[in-house]
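Reading through the structure tokens given below for one structure.
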């Protein structure tokens, strides 16, 4: 009888992290201290907006879940940089455009769509799209499209706070740079964990389980956000 190998600490750490991120669906958002600062902000405040952008991305479980799924099976650094850059381009465009053009979108529906992006990428990683449809769309194109969705998600959260128009563009650019810094820090940690785990036999055994957990977290986000939407509508 072949002994069943247990996952290494990398696998346990990633699985626990995914479960925590799934549970965080019920607590994600702009904290009260940040809300007060943004509501009372006047003029150019580059460093505070830089910090808030970084903090939001580091605690942004939905964005990090999607990026984790994106890089999960990417082994070459240049591929990781390419896909992360495509995602960054997408969410930067819609973050700036959404706020500056005052495009009003329902925050619940946008966050539900972001949850769908998590489910989509986890399902794609499992080979589900190829099994169901015989092929999967261009992964770079889908990362760009979902990046645009994630950017609108960031924009809706800022729009709810009615930022001061004075130095709005400069503050938004600082916020976006902060988002990128936070994304870099979070991804660096995730990549260290995944890279270490890939060197162990348990990676192939539990990669499917991990992507199933990613999908479960995405479904949790969709359900939670749709419940909030219908509750608000009712």
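The values are calculated or read from the model by the stated rules, or taken from the named source; none is laboratory data. These figures come from a predicted structure and were not determined experimentally. As a convention, Cβ positions derive from the backbone with ideal geometry for all residues, glycine included, and neighbour counts pool all protein chains shown.
Check 194, 214, 177 and return the single one that is in contact (Cβ under 8 Å) with a residue 12 or more places away in the chain, surrounded by fewer than 20 Cβ atoms within 10 Å (Cβ to Cβ) and in a helix (DSSP H, G or I). If you could, list the steps in order and put the result at the bottom.
Details: 194 fails: surrounded by fewer than 20 Cβ atoms within 10 Å (Cβ to Cβ); 214 fails: surrounded by fewer than 20 Cβ atoms within 10 Å (Cβ to Cβ).
Matching residue, one of 194, 214, 177: 177.
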task = Could you list, in sequence order, all residues of segment 49-86 that are without any contact (Cβ under 8 Å) to a residue 40 or more places away in the chain and farther than 30 Å from residue 204 by Cβ?
result = 59
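How many of the residues in segment 87-115 are in contact (Cβ under 8 Å) with a residue 60 or more places away in the chain and within 22 Å of residue 180 (Cα to Cα)? Reasoning before the result, please.
So the first thing to find is which residues in segment 87-115 are in contact (Cβ under 8 Å) with a residue 60 or more places away in the chain, and the list is 87-88, 90-92, 94-96, 98-100, 106, 108-109, 111-112, 114-115.
Restricting the remaining residues to those that are within 22 Å of residue 180 (Cα to Cα) gives 87-88, 90-92, 94-96, 98-100, 111, 114-115.
Residues that pass the stated criteria total 14.
Examine segment 140-158 for a residue that is free of Cβ contacts under 8 Å to residues at least 12 places away in the same chain, on the phi < 0 side of the Ramachandran plot and surrounded by fewer than 16 Cβ atoms within 10 Å (Cβ to Cβ), and state whether such a residue exists.
Just the residues of segment 140-158 that are free of Cβ contacts under 8 Å to residues at least 12 places away in the same chain, to begin with: 141.
The next check asks that each one be on the phi < 0 side of the Ramachandran plot; those that pass are 141.
Those still in the list that are surrounded by fewer than 16 Cβ atoms within 10 Å (Cβ to Cβ) too: 141.
Yes, that holds for at least one residue.
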message = Could you check segment 201-211 and list, in sequence order, the residues that are over 20 Å from residue 67 (Cα atoms) and surrounded by fewer than 16 Cβ atoms within 10 Å (Cβ to Cβ)?
response = 201, 205
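Could you say which residue among 79, 102, 166 is surrounded by fewer than 16 Cβ atoms within 10 Å (Cβ to Cβ) and modelled with pLDDT of 95 or more? Working first, answer last.
Values: 102 fails: modelled with pLDDT of 95 or more; 166 fails: modelled with pLDDT of 95 or more.
None of the other options fit; the residue is 79.
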task = For residue 53, work out the one condition from (1) modelled with pLDDT of 85 or more; (2) within 29 Å of residue 137 (Cβ to Cβ) it doesn't fulfil.
result = (2)
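What about residue 148, is it more than 14 Å from the chain's Cα centre (by Cα) and under 27 Å from residue 99 (Cβ atoms)?
Numbers: more than 14 Å from the chain's Cα centre (by Cα): no; under 27 Å from residue 99 (Cβ atoms): yes.
So residue 148 fails the test.
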message = Would you confirm, using the coordinates I've provided, whether residue 161 is outside any helix (DSSP H, G or I), touching a residue at least 60 places away in the same chain (Cβ under 8 Å), surrounded by fewer than 18 Cβ atoms within 10 Å (Cβ to Cβ) and in contact with a helix residue (DSSP H, G or I) (Cβ under 6 Å, 6 or more places away or on another chain)?
response = yes
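Residues to consider are 50, 105, 95; find the one that is within 28 Å of residue 223 (Cβ to Cβ) and assigned to a helix (DSSP H, G or I).
Within the list 50, 105, 95, the selection yields 95.
Scan segment 123-144 residue by residue and report those that are over 12 Å from the mean Cα position of the chain (by Cα) and under 18 Å from residue 180 (Cα atoms).
Filtering segment 123-144 for residues over 12 Å from the mean Cα position of the chain (by Cα) gives 123-142, 144.
Within segment 123-144, 144 is the sole residue that qualifies.
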task = Select from segment 127-139 the residues that are outside any helix (DSSP H, G or I) and surrounded by 16 or more Cβ atoms within 10 Å (Cβ to Cβ) and list them in ascending order.
result = 136
